[in-house]
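The next block holds one structure in the form of C-alpha cells; read it before the comments.
The values are calculated or read from the model by the stated rules, or taken from the named source; none is laboratory data. None of the values given here were measured: they were computed from a predicted structure. Positions of Cβ are generated from backbone atoms using ideal geometry, with glycine treated the same way; all protein chains shown enter the neighbour counts.
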Amino acid sequence: MHHSNQLQELLEVVDRLTQVHKSTVIIEDDAGSEEKVYIEHDPLLKQLRELVHSSLGSTVQGAGLASERNVIDADALEQYDSISGQLVKLYKEVSDAAPFPVPESNLRHWYIEFRRQVESRKVSQDVVATKIRKLNGVAASIENKLNPPTILEITAPCPRCDATHATDEQGVYRKAVVVESRIVQYRSLDHTKARCIVCSAVWLHGRGMRQLRYEIDHREELRHADKENIEIIENLFDKYDKIDVRSISVPKIETRA
Ligand SMILES: [Zn+2]
C-alpha cells in the first residue's frame, strides 16, 4: 500500500475517534430499492466517556432503583482508562511535552507528528500498518461496547453443508448458522452477517440475508420434497420476532439534518 493511502486510512480512524463523523447506511425498502442515508455520530472517545457516567449506559446489572442506576459503568470506565493510557503512550512516542488531559488531543497531536515522520520516510509501511490496525481495534472495541451486536441462531441447517449444530470458537455448542446483527442500531440489515461455524460460509448484509433465506428454502424443498415442513423456515428468526424473513424489509430511518 502506498504511504498516502495509508495516511488516509489512518486519518479516517483518528477522525472516527476524535471528531463528529458520518456513516453511510444503505436502506432497502419492500420493493428492494436502495437508498443511501447518512447518520451523524459523536467522536467515539466522547461517546465512551459519556457512557461511563450515563445511567442509560448501565446495562441489566444497573437496572433497579433509580439511585442505583446512576452509578458509574465500571466496564466502560476501565476501557476508557485503558484507551486513554494507550493514547498517552502513543503521544509520548512523538513528543517530549507533557500529554494533554483529554485523549482526543493526544491522538490528534500524535497524528500530526506521525504524519510528518511518515512523509519524510522515517517510518516504514509496516509500522504505519501496525498503527492502523491498533487504532481500528480501539475504535471497534468502543463500538462494540456502545452497541453490542444482536446474536441470532438460525434453526434451519446450513444450506451449504447441512450441519445443524456445532461448537463455536468460544466452545459453545449451538446451531450451526449464527447471525450477528446491528439491526437495532442501524435499523437496517446493512451491518448483518450470517456465518456457518462448520463450513465458514458467510452471508452479508440485506442482500446476503435474502440469499440465505433463498438457499434454505431451496435446500428444504430438496430435502422434504414430499413433506410439508414449512415450520423450520417460518421459525427461521424465532429468537427475534421483529424480523419477518419472508420479506426482509426494514423501517425507513429518520435522518438527522
Ligand atoms: Zn455450513
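Of note:
- Single residue of the stretch 154-207 satisfying the filter (at pLDDT 85 or above and among the charged types (D, E, K, R)) that is nearest to residue 41 (Cα to Cα): 193
- Where residue 109 falls short, out of the listed (1) without any contact (Cβ under 8 Å) to a residue 60 or more places away in the chain; (2) within 16 Å of the ligand (Cβ to nearest atom): (2)
- Verdict on residue 197 being over 28 Å from residue 23 (Cα atoms), within 13 Å of the ligand (Cβ to nearest atom) and touching a helix residue (DSSP H, G or I) at 6+ places or on another chain (Cβ under 8 Å): no
- Test for residue 142: is it under 30 Å from residue 87 (Cα atoms) and modelled with pLDDT of 95 or more: no
- Residue among 83, 27 that is modelled with pLDDT under 70 and surrounded by 15 or more Cβ atoms within 10 Å (Cβ to Cβ): 27
- Which numbered condition residue 156 fails, given (1) touching a residue at least 60 places away in the same chain (Cβ under 8 Å); (2) away from the ligand (no atom under 16 Å from the Cβ): (2)
- Within the stretch 71-101, the set of residues being part of a helix (DSSP H, G or I) and polar (S, T, N, Q) comprises 79, 82, 84, 86.
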